[in-house]
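As C-alpha cells, the structure follows; a few thoughts come after it.
Any read-out appearing in this document is the output of simple, stated calculations on the displayed coordinates, not a laboratory observation. Here the structure is a predicted model, which is why all the values come from computation and not from measurement. All Cβ positions, glycine included, derive from the backbone under ideal geometry; neighbour counts span all protein chains shown.
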Amino acid sequence: MRKVLYIIIGVVLLQSCKQKSTSWTFDHEIQLEKVKPVGIAIVNDTLWVSDAEGNRIVQIGEKGYILNEKTGFDRPMHITDFKGGLAIPEYGKDVITLLYNGTTETLKSPSLDAPAAIDFYEDTYGIADFYHHKVHFFDGTKWISIGEKGKENGQFHYPTDIHISDEFLYVADAYNHRIQIFDKEGKFVKIMAADLEINAATGVWGNDEEVFLTDFENHRVIILNTSGEVKQILSEELSNPIDLIVFKNKLYVLNFKLGTISVFKRS
Amino acid sequence: MKKIISIVLVHLIGITTLLGQKQLDKYQIQVDGLGCPFCAYGLEKKFKEFKGIKDVAIKIETGDFSFQYPSDKPLTMIQVIDQVKKAGYTPKTASIIRINGVEESFPDATEISNEAALRKSEILVSGNCDMCKARIEAAALSNSKVQSAIWDLESQRLSLVMNTNIDKETIGKLIAEVGHDNEYVKSIDKVYDELPPCCLYRK
C-alpha cells in the first residue's frame, strides 16, 4: 500500500515539474518618442517598431530612444523579421516590402488590398489581407488562398495578423473577435478565444506552449495554451494593445494610442 | 536690344513653367473618433479613389485629414462629405479653399431651439467604439430639434436634450439609418454591413 502511495506521489511531482510557470507580471514601460506603434519585430536581438502615422520603421533602444529609422513607407503595419532584415506590409501601397542585405525589394504575391501582416516560417510565409478578408499562404511551392468575408469557420472579418508555427497558421480574425487556426494545406482546424468577449483581436503571436492575443478595445492580452484554454489575462498597464512578441522571456506589448511598450516578465 | 530680348525670354519661360504646374484646391476635414489604425487608414484609402489626389495627410489623434486636388476638376463639398460617410466616418467640420481664394465650409449654423420647450430623454443605442459614438451623436443632432446628444459606450445610452414636440422614435429612425440598432428601430442589414470593422457591434 505504501509503495503505491509513493508511486502516486512521485508521478504527481513529476507532472508538476514538467509544467512550466505561466504567470506573467508587469515589469516596466518603455515610452516611445512620437511613435504611433502598430507592429513589433526582433531583428538581431534588437527591437524594431512600425510607426504607421509617421510612415517609418524605427529601431528602439532599452529606454525607448530611436536608434535607427527607415522612412518612406505607406502605412507600415505588422512587421516581422526576414533574413536579418525586415518584411513590411505597406497597407497604403498594397505591397510587402523586404529590407535585407542592404537591398529593398517587393515580395511577389497575389493581389493585395491593405496587407496588415506577414509572417515567415522556414521557406513558407503568410499574409493577412485586410480588405480582401483573406490569408494568402505560400507553402514553399505555391500560393494557397484561405478564407473569404464572413463569420463562419474559415471565413474572416478583417484579418489583421498572422503567426506561423511548424504545424499551423494562427490568424487574428480581428472583427470576428477570435483566433482562427489553419493547417499548412489551408484547411480550417479550429477557433480560439471566441467566447471571451473580445473586441477587436488585432495581434497574435505564439510558441510551443502559449498563444498570445491582443484585445484592442478591451485593453487586454489573452494568453492561451495550445488547446485554447485560457492561462492568463493581462490588463495591467495596457491601453489599446495592438501587437506583441515574446523575446528572451519577456513579453513586449505595443500600446497604440499611448505610444508605449508594456514589458511583462515571466515569474 | 539683345538685353531686352533676353529679359523677355526669361519672363516667358517663367510664365510657361508656372502655367504648366497643376493648380490645386486645398481640402481639410475633421472627423470624430478615428478608432484603430486599420480603420482610420481605410479613410485615406477611400479618398485615394479620387485620381490625382495629392499630399494626403491624416492624424488619428486629432481626427484631422487633409489633401489637395486639381482645381480644374473640383470636388464639391457634398462629394467630400459623402466620401467621408462612405468610409464610415462622421465629418465634424470640413473646409475647401479654392485656388481663387474662395472658401467653403461645413457645417452651416443651425437654429437653436427655444429653451422653454426642451426636455431630457434617453434611448438605448447599440454601438462599439468612439467612432460609433461620433456617428450616433451626429445622427441625433442632424435633427434641428435636438440640442444635445451624448452617447455612453458602457451603458449604451444616448442622453438627449430635445424639443418637446419631437418623439424618440423619430430620433431612433435617424440613428438606425446610419447603422445603429436602438430600442425603437433596428438598422437594415445592408446599412449595418457597411459600417467600418471596429463598429460591428452585432455579435
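For this structure, a couple of remarks:
- Span per principal axis, largest first, for the Cα atoms of segment B:23-106 (Å): 37, 23, 19
- For the protein assembly as shown: rounded, prolate or oblate by the Cα gyration tensor [a/c cutoff 1.5]: oblate
- Choice from A:D74, A:D208, A:D243 showing the highest fluctuation, given a GNM over chain A with Cα pairs closer than 10 Å: A:D208
- With eigenvalues of the C-alpha gyration tensor scaled by 5 and rooted, segment A:129-172, Å: 18, 12, 9
- Most mobile listed residue (A:K151, A:K187, A:K63) in chain A, GNM with C-alpha springs under 10 Å: A:K63
- Ratio of the Cα radius of gyration of segment B:115-199 to 2.2 N^0.38 Å, where N counts its residues: 1.02
- Translational diffusion coefficient (Stokes-Einstein; Kirkwood radius from C-alpha pairs) of segment A:155-202 at 10 °C, 1.306 mPa s, in µm²/s: 150
- For segment A:143-207 versus segment A:90-105, the inter-centroid distance based on Cα atoms is 24 Å.
- Rg over Rh for chain A works out to 1.01, both radii taken from alpha-carbon positions and Rh defined as the Kirkwood radius.
- Angle in degrees between helix A:2-18 and the longest Cα principal axis of chain A, rounded to the nearest 10: 10
- For chain B, diffusion coefficient by Stokes-Einstein and Kirkwood Rh (Cα), 20 °C, 1.002 mPa s, µm²/s: 111
- Footprinting exposure proxy for B:C129, B:C198 (fewest neighbouring C-beta atoms within 10 Å first): B:C129, B:C198
- Taking amide H as placed 1.01 Å from N in the peptide plane, the amide H of A:N199 sits under 5 Å from that of A:F216, A:E217, A:N218, each at least 5 places away or on another chain.
- In sequence order, segment A:153-164 has phi-based couplings of 4, x, 10, 10, 10, 6, x, 10, 8, 8, 9, 10 Hz under the Karplus curve 6.51 cos²θ - 1.76 cosθ + 1.60, θ = phi - 60°, and Gly or Pro positions carry x.
- Nearest-0.05 FRET efficiency for B:D189 and B:S148, computed from C-beta distance (R0 35 Å): 0.70
- Relative contact order (percent, whole number), chain A, Cα cutoff 8 Å, 6+ residue spacing: 15
- Relative to its residue count, segment A:88-188 spans a Cα convex hull of 87 Å³ per residue.
- Convex hull volume of segment A:202-241 per residue (C-alpha atoms, cubic angstrom): 59
- Of the residues A:D166, A:D123, A:D139, the one that moves most in a GNM of chain A with alpha-carbon contacts below 10 Å is A:D123.
- If the Kirkwood radius is taken over C-alpha pairs of segment A:118-267, then at 25 °C and 0.890 mPa s the Stokes-Einstein diffusion coefficient equals 162 µm²/s.
- Amide H contacts for A:G186 (H built 1.01 Å from N in the peptide plane; partners 5 or more residues away or on another chain; cut-off under 5 Å): none found.
- One quarter of the convex hull surface built on the alpha carbon atoms of segment A:209-266 amounts to 3.7 nm², the projected area averaged over directions.
- Extreme residue, positive dipole direction of chain B, given options B:Q23, B:Q147, B:I99 (C-beta unit charges): B:Q23
- Evaluating 6.51 cos²θ - 1.76 cosθ + 1.60 at θ = phi - 60° for every residue in segment A:72-87, the Karplus couplings come out as x, 8, 10, 6, x, 10, 6, 7, 8, 6, 8, 6, x, x, 9, 10 Hz, glycine and proline recorded as x.
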